[in-house]
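The values are calculated or read from the model by the stated rules, or taken from the named source; none is laboratory data. Treat the numbers as computed from the prediction; the structure is a model and nothing was measured. In this analysis, Cβ positions are derived from the backbone assuming ideal geometry, glycine residues included, and neighbour counts consider all displayed protein chains.
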Amino acid sequence: MREVDVVVIGAGQAGLAGAFHLRRTGFEPDRDFVVLDHSPAPGGAWQFRWPSLTYGRVHGMHALPGMELTDADPDRPSSEVIAEYFDTYERTFDLRVRRPVDVRAVREGADGRLLVETSAGTWATRALINATGTWDRPFWPRYPGQETFRGRQLHTAQYPGPEEFAGQRVVVVGGGASGTQQLLEIAPYATATTWVTRRPPVFREGPFDEGAGRAAVALVEERVRQGLAPKSVVSVTGLPLNDAIRQGIADGVLDRLPMFDRITPEGVEWDDGRRVDADVILWATGFRAAIDHLAPLRLREPGGGIRVEGTRALADPRIHLVGYGPSASTIGANRAGRAAVRDIRRLLAGEPEPVSV
């Protein structure tokens with residue numbers, strides 16, 4: 001067993017931001033803190049993005065603290081551009097990320113420490129920055145007849161690019177940014193596409209200014225404060241009505257149907273008698289927070305989430321969740337990493353917790 005002051009779980013945007021601020025404020029890697037990442041290489045979830053998502057099409061990618069991402073080719077896959085950037089960042093600031101390491105459980109230890117049990121051994125730590133994001137927990141809804149479908153079902157996390165759907169009839173389920181973007185990519189290749197969402201999509205016109213951003217984050221933050229499962233910030237902002245979306249509406253690709261009632265061997269059906277034959281159902285139904293390894297600490301509330309104030313788990317001030325709920329964006333993750341380290345320094349110095357106003 002190794003002892004450190006802080007364990008950081010995850011080396012995506014949030015985890016690297018936290019590690020940067022630990023390093024900047026005097027914590028030494030390996031001696032004072034360790035960063036554990038289960039991915040095979042630098043890049044966080046970005047390294048798994050589909051090839052057709054080029055860097056120029058990425059929405060809202062903010063640089064990591066302390067080093068800008070400059071001169072990136074907008075036509076290169078974002079998975080390559082951002083993975084290379086993260087790799088350079090880790091080496092520049094000597095963050096010494098250990099990978100691949102799977103964190104299996106976090107438990108209560110002795111002397112007020114937490115035990116972080118992993119595939120590479122156990123660390124005893126005084127504080128924890130959990131930055132595991134959502135990519136590892138794609139959400140698959142269940143519908144009657146789903147197991148009878150003779151075609152292919154896949155989640156957006158498995159999306160291979162549009163060419164693979166050539167000549168097929170594709171049903172895309174979900175009204176988020178990934179679903180609409182992938183639907184627009186698939187449409188020129190597929191024989192037919194059908195767009196299905198639980199709620200009518202909300203399209204947002206005009207610029208998304210700072211005030212609107214704060215209001216959206218506040219809605220997500222309130223859910224987290226109440227111990228409810230967090231929604232993504234994007235879920236409360238609506239879809240930007242850009243040129244691609246306008247063209248998709250004009251072409252009839254973004255002609256939304258309400259959610260079907262059942263899945264059949266040949267496709268999907270509604271109670272009113274409507275049916276659509278399909279070869280593929282693409283579930284663009286989002287992700288859930290990857291926090292099962294924290295289960296032994298019993299932090300979850302009856303609402304399904306962990307109550308968090310800022311980044312601090314209210315049930316245990318040693319634990320900070322970054323990239324969770326209101327900080328689940330690249331700029332939010334940067335700010336959360338800094339805030340978590342500030343509170344952890346206060347905790348380790350024995351100072352009282354800040355009082356919420």
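Some values worked out for this structure:
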| read-out | value |
| --- | --- |
| Test: residue in the range 38-45 that is within 18 Å of Ala336 (Cβ to Cβ), surrounded by 15 or more Cβ atoms within 10 Å (Cβ to Cβ) and either among the aliphatic types (A, V, I, L, M) or at pLDDT below 95 (or both) | yes |
| Residue satisfying all of: in the range 293-312; at pLDDT 95 or above and touching a strand residue (DSSP E or B) at 6+ places or on another chain (Cβ under 9 Å); surrounded by the most Cβ atoms within 10 Å (Cβ to Cβ) among these | Leu294 |
| Residues located in the range 145-190, provided they are in a strand (DSSP E or B) and either of a type in the set (Lys, Arg) or closer than 22 Å to Thr134 by Cβ (or both) | Arg152, Gln153, Leu154, His155, Arg169, Val172, Val173 |
| Test: Thr264 is touching a helix residue (DSSP H, G or I) at 6+ places or on another chain (Cβ under 8 Å), at pLDDT 70 or above and within 28 Å of Gln146 (Cα to Cα) | yes |
| In the range 46-86, the residues that are among the β-branched types (Val, Ile, Thr) and more than 18 Å from Gln182 (Cβ to Cβ) | Thr70, Val81, Ile82 |
| Considering residues of the range 87-103 that are assigned to a loop (DSSP other than H, G, I, E, B) and basic (Lys, Arg) only, the residue farthest from Pro29 (Cα to Cα) | Arg99 |
| Unmet criterion (only one of (1) in the same structural domain as Gly267 (by TED's automatic domain parsing); (2) within 25 Å of the chain's Cα centre (by Cα)) for Ser119 | (1) |
| Some residue of the range 315-325 being of a type in the set (Gly, Ala, Ser) and crowded, with 21+ Cβ neighbours inside 10 Å | yes |
| Filter result for Leu53 (modelled with pLDDT of 95 or more and either over 16 Å from the mean Cα position of the chain (by Cα) or in the same structural domain as Thr118 (by TED's automatic domain parsing) (or both)) | no |
| Residue in the range 46-68 that is surrounded by the fewest Cβ atoms within 10 Å (Cβ to Cβ), counting only those that are among the polar types (S, T, N, Q) and not in a loop (DSSP other than H, G, I, E, B) | Thr54 |
| All positions within the range 329-349 that are at pLDDT below 90 and not in a helix (DSSP H, G or I) | Ser329 |
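Residue by residue, here is whether (1) of a type in the set (D, E, K, R); (2) outside any strand (DSSP E or B); (3) at pLDDT 95 or above holds:
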{"position": "Thr70", "(1), (2), (3)": "no, yes, no"}
{"position": "Asp75", "(1), (2), (3)": "yes, yes, no"}
{"position": "Tyr85", "(1), (2), (3)": "no, yes, yes"}
{"position": "Ala105", "(1), (2), (3)": "no, no, yes"}
{"position": "Thr122", "(1), (2), (3)": "no, no, yes"}
{"position": "Thr125", "(1), (2), (3)": "no, no, yes"}
{"position": "Leu128", "(1), (2), (3)": "no, no, yes"}
{"position": "Trp135", "(1), (2), (3)": "no, yes, no"}
